[in-house]
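The values are calculated or read from the model by the stated rules, or taken from the named source; none is laboratory data. Fair warning: this is a prediction, and the values are worked out from it, not measured in the lab. All Cβ positions, even for glycine, are placed from backbone atoms using ideal geometry, and neighbour counts span all protein chains on display. Note: areas computed on protein heavy atoms with side chains; ligands, DNA, RNA excluded. Shrake-Rupley method; radii C 1.70, N 1.55, O 1.52, S 1.80 Å.
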Amino acid sequence: MAVAFPPPHVMALSKVQRLYDACDVVFSSPAAAPTLGEIRWLQQLLDGMEAADVGIDDGERTPSSSSDDEQSPKSGRLLPALAFTRITYVHIHQSDDFSIGVFCFPAGATLPLHDHPEMVVLSKLLYGSVRVRSYDWVTELPCSTARKCGLARVVAGDEVRRAPCEASVLFPRSGGNLHAFTAVTPCAILDVLTPPYSEEQGRPSTYFNDVPIPSLPGFAFLEETDLPEDFNVAGAPYLGPDLTVDMDDDDDDDYDDYDE
Ligand SMILES: [Fe+2]
């Protein structure tokens, strides 16, 4: 007997539910690092996603452009991309093992250079164009203060990514673990972080200045810095399809709006 693949009950799930379920399978055993095959699986799921699949109207939407409409009780209520007048985080899910959310940028906005300590991050540009600058540590140096600093290798010098493009992935020591984004046009990046940032667990988000080294092309000196006082990230509600989550690892109740 022929077997349909994927099975009908999987086809009925929203894309964001399929992404959550896959993350739950891959990242809920943090003792084991994800395999390359698992990373590729998640990248493929992200590559199949559009802004409407996470409740955002990128202005390109046609009535049939999202297969999730039938699964979303909130269908028809989308966050309009052009309404984001500053960088806005749309929180979708967070547990101890991973987080899923979307950074939405107005044109010209910059998310300063920051790191992802001991983390794997998968990112999908949902719409628009973004300029990316990224580094990996070569060596962190003892600095005169308690602040982090060191030599880093350039991974992306000043690279413009335009949607649609493939989901990217960064690792603790490769792939551009430190990065900065500047929106060339209004754009949005769907991020999966594993494990999530956690001050208590020694994974704070740290910001850096990068100083080119003229005698060493392809490298820069990074030094920890404070966020500019006028920089903040707004929070917006998630309006996409409802998620059914594994109650054992859900800590969404502890989540506060992402205002800094
Ligand atoms: Fe980041």
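First check a/c for region 145-254, with a ≥ b ≥ c the square roots of the eigenvalues of its C-alpha gyration tensor; if it is under 1.5, answer rounded, and if not, answer prolate when a/b is larger than b/c or oblate otherwise.
On the way: a/c = 1.93, a/b = 1.48, b/c = 1.31.
Because a/c hits 1.5 or more and a/b exceeds b/c, region 145-254 counts as prolate.
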- Ignoring everything but the protein chains, give the 1.4 Å probe accessible area of residue 148 in square angstrom, nearest 10. 60 Å²
- Task: Mind giving me the nanometre distance, one decimal, between the label points for residue 143 and residue 41, set 7 Å out from Cα along Cα→Cβ?
- Result: 3.9 nm
- Item | Positive-end residue of 201, 222, 129, charge dipole of region 109-233 with Cβ unit charges | 129
- How much FRET efficiency would the formula 1/(1 + (r/R0)^6) give for residue 230 and residue 96, where r is the Cβ-Cβ distance and R0 is 41 Å, rounded to 0.05? 0.80
- Note on the structure: Which residues qualify? For residue 233, with a placed amide H closer than 5 Å and at least 5 residues away or on another chain, they are 260
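Efficiency by 1/(1 + (r/R0)^6): what FRET value for residue 85 and residue 198, r their Cβ-Cβ distance, R0 = 35 Å, to the nearest 0.05? Show your work: numbers first, answer last.
On the way: r = 30 Å, r/R0 = 0.85.
That pair, residue 85 with residue 198, gives E of 0.75.
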- Message: Run the simple label-point estimate for residue 174 and residue 153 please: 7 Å along Cα→C-beta, distance reported in nm.
- Response: 0.9 nm
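Once a ≥ b ≥ c are taken as the square roots of the eigenvalues of the Cα gyration tensor of region 82-155, is the result rounded (a/c under 1.5), prolate (a/b larger than b/c) or oblate (a/b not larger than b/c)? Working shown, then result.
Values: a/c = 2.17, a/b = 1.59, b/c = 1.36.
Because a/c hits 1.5 or more and a/b exceeds b/c, region 82-155 counts as prolate.
Quick check: residue separation of residue 118 and residue 32 times 0.36 nm, minus the Cα distance between them. What number comes out in nm?
Working: separation 86, 0.36 × 86 = 30.96 nm, distance 1.34 nm.
Answer, rounded to one decimal: 29.6 nm.
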- Message: At 7 Å along Cα-to-Cβ for each site, give me the label-to-label distance between residue 166 and residue 215 in nm.
- Response: 3.9 nm
